[in-house]
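The structure under discussion appears below in the form of structure tokens.
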Amino acid sequence: NNPENKNRSMLLKINTKTGEVSIVVPPGAGSYRAGIEYKDKLYFAVTSGQPYLLEIDPKTDTTKRVYTSQKPSDPFISVGIRGLAVVNDKLVASMIGDGGAYIVASDNPSAGESSFDIIATQEDLLDYPAYYYNDSIFGGAIWDMVEFNNKLYVTVVTGKSGNKQAFAMF
């Protein structure tokens, strides 16, 4: 029992044959919004003061940050990143920064941040993503991303400054 870690996110590994549970990532300040498998590794979108993409090797349980989002200088920018997809053999992830939502992609995320390219920005998404905490759905920005027929489909929260608009899809 550690009361400091009450209600904190953690990642566990469960052996479905033996029922053994082990902690892969202990409780911390971040929360996990999305997870996906890509090239025998697991990737998680982690929301925190400076959101990041976490890689886990399930064979060894080693973890590393492979991409760290721009750190928003405005405390009212929502850091709840959640979009992850695999499209055309690339890992694609949503991010957030001072300029709003953006999307990055890599065909070798294990190589780290330099392997990622920005493939879409807030401007490319017609400035639609609502990314401030006082916007709809607590600044949901890029809500989800999925692959269909080798194309990336992106849904974004569009309600800004109290406007009750819902979503748009690209």
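The values are calculated or read from the model by the stated rules, or taken from the named source; none is laboratory data. None of these values were measured; they are calculated from a predicted model. Here the Cβ is made from the backbone with ideal geometry for all residues, glycine too, and neighbour counts use every protein chain on show. Surface accessibility is based on the protein's heavy atoms, side chains included, excluding ligands, DNA and RNA. Shrake-Rupley method; radii C 1.70, N 1.55, O 1.52, S 1.80 Å.
One line per residue, one yes/no per condition, for (1) touching a strand residue (DSSP E or B) at 6+ places or on another chain (Cβ under 9 Å); (2) modelled with pLDDT under 90; (3) over 18 Å from Gly97 (Cα atoms):
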site: Asn1; (1), (2), (3): no, yes, yes
site: Lys6; (1), (2), (3): no, yes, yes
site: Ser22; (1), (2), (3): yes, no, yes
site: Val46; (1), (2), (3): yes, no, no
site: Pro72; (1), (2), (3): yes, yes, no
For segment 17-34, enumerate the residues that are closer than 29 Å to Asp89 by Cα and open to solvent by 50 Å² or more (accessible area, probe 1.4 Å). Tyr32, Arg33
Can you say whether Ser136 is hydroxyl-bearing (Ser, Thr, Tyr), closer than 22 Å to Pro75 by Cα, out of contact with any helix residue (DSSP H, G or I) (no Cβ under 6 Å at 6 or more places or on another chain) and open to solvent by less than 70 Å² (accessible area, probe 1.4 Å), as far as the supplied structure shows? yes
Qualifying positions in segment 139-170 - open to solvent by less than 80 Å² (accessible area, probe 1.4 Å), at pLDDT below 90 and on the phi > 0 side of the Ramachandran plot: Gly139, Gly162
What pairs come up if the first residue lies in segment 121-132 and is in contact (Cβ under 8 Å) with a residue 24 or more places away in the chain, the second is assigned to a loop (DSSP other than H, G, I, E, B) and open to solvent by 50 Å² or more (accessible area, probe 1.4 Å), and their beta carbons are under 6 Å apart, counting only those six or more places apart or on different chains? Ala130/Lys160; Tyr132/Phe76
Would you kindly identify the strands (runs of 3 or more DSSP E) lying entirely within segment 43-156 that contain at least 1 residues that are in contact with a Pro (Cβ under 8 Å, 6 or more places away or on another chain) and not aliphatic (A, V, I, L, M)? 52-57, 62-68, 90-97, 100-106
For Ser106, which of the numbered conditions (1) within 12 Å of the chain's Cα centre (by Cα); (2) polar (S, T, N, Q); (3) at pLDDT 95 or above fails to hold? (1)
Matching entry among Ser106, Ser94 (being buried (at least 20 other Cβ atoms within 10 Å of the Cβ) and under 16 Å from Thr158 (Cβ atoms)): Ser94
Asp124, sole failed condition from (1) modelled with pLDDT of 95 or more; (2) open to solvent by less than 30 Å² (accessible area, probe 1.4 Å); (3) within 15 Å of Val154 (Cα to Cα): (2)
